[in-house]
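Accompanying notes for the structure given below.
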Amino acid sequence: MRKDYSILPRPSGVDELPEAWTESESAHQFTVTLLAFSWALLPVGFMVLMAIFDRYEQHRLTLAAVALSMLPLAFISGVGQRRSALLEPRVQLASATLGSTAVLLALLFFLDLSSYWWVVYGLVFGSVAMMYVGLSHLASCNTPAVQLPWDVSVPFPHDALEGWRVVNGRWVNGVIATKRMERGPVLTLYGLVEGEATFLCLEQLAPVVAALPPHSIGLDFFTLASLSVARSAEE
């Protein structure tokens with residue numbers, strides 16, 4: 001999973017934005033995710049040994065439960081760094097696999113069906129693969145977010161959004177609108193509070209080399225910038 005963002009080029013189209021829009025300085029660190037994932041692979045490795053050698057059969061499900069309790073921690077530490085993460089198909093597939101594994105493991109415990117341990121083991125191994133694909137993609141999505149100073153008292157102009165799914169009809173400290181581009185990145189428009197300042201931010205869940213130019217996003221950057229500048233001028 002990549003975490004070296006400093007040497008990467010700037011995304012195309014950033015210089016086309018109005019001056020009021022600036023790049024967000026927030027950085028995403030996947031070092032903790034990588035560390036947690038490596039520790040979670042330790043019990044998974046023991047599961048491989050138990051699947052190969054017919055010893056300690058009575059501990060098979062217990063070991064699977066230990067692995068399944070550690071894998072979500074690594075998963076959450078990576079997904080929590082991206083506001084658009086849960087809209088990404090790779091992440092959704094990994095989430096579904098982890099959830100299905102947890103449900104099946106609970107059923108085997110409560111119904112005393114330990115003879116079907118191999119089903120849970122297969123799902124755990126599949127969850128590891130799906131997690132790696134999803135987290136690796138999130139780590140490669142290094143397009144920096146852009147932000148705009150925003151006064152919370154200014155009504156949000158919904159006509160500045162084209163093809164977006166509006167989650168909140170006004171500015172909130174959280175997700176405001178989302179958009180999934182066909183064969184492209186997931187976009188999220190969200191509010192952010194830093195100290196006493198409030199911002200309107202746009203995140204593209206895509207590698208910097210595949211970032212979309214502003215004119216293809218369906219967001220009127222100039223209208224939003226004019227509202228921000230006008231409000232600042234009044235104050």
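The values are calculated or read from the model by the stated rules, or taken from the named source; none is laboratory data. Keep in mind the model is a prediction, meaning the values are calculated, not measured. Glycine gets a Cβ as well: all are built from the backbone with ideal geometry, and neighbour counts include every protein chain shown.
What to note about this one:
- Matching residues in the stretch 52-110 - criterion: being assigned to a helix (DSSP H, G or I), of a type in the set (Phe, Trp, Tyr) and free of Cβ contacts under 8 Å to residues at least 12 places away in the same chain: 110
- Residue check, residue 188 closer than 27 Å to residue 30 by Cα, in the same structural domain as residue 225 (by TED's automatic domain parsing) and not aliphatic (A, V, I, L, M): yes
- Among the residues of the stretch 28-56, those that are at negative phi and either in contact with a strand residue (DSSP E or B) (Cβ under 6 Å, 6 or more places away or on another chain) or hydroxyl-bearing (Ser, Thr, Tyr) (or both) comprise 31, 33, 38.
- Residue match in the stretch 157-168 (condition: among the aromatic types (Phe, Trp, Tyr), within 24 Å of residue 19 (Cβ to Cβ) and crowded, with 20+ Cβ neighbours inside 10 Å): no
- Cβ pairs under 7 Å, 6+ apart, first in the stretch 119-138 and at negative phi, second surrounded by fewer than 23 Cβ atoms within 10 Å (Cβ to Cβ) and among the basic types (Lys, Arg): 133/90; 134/90; 137/90; 138/82
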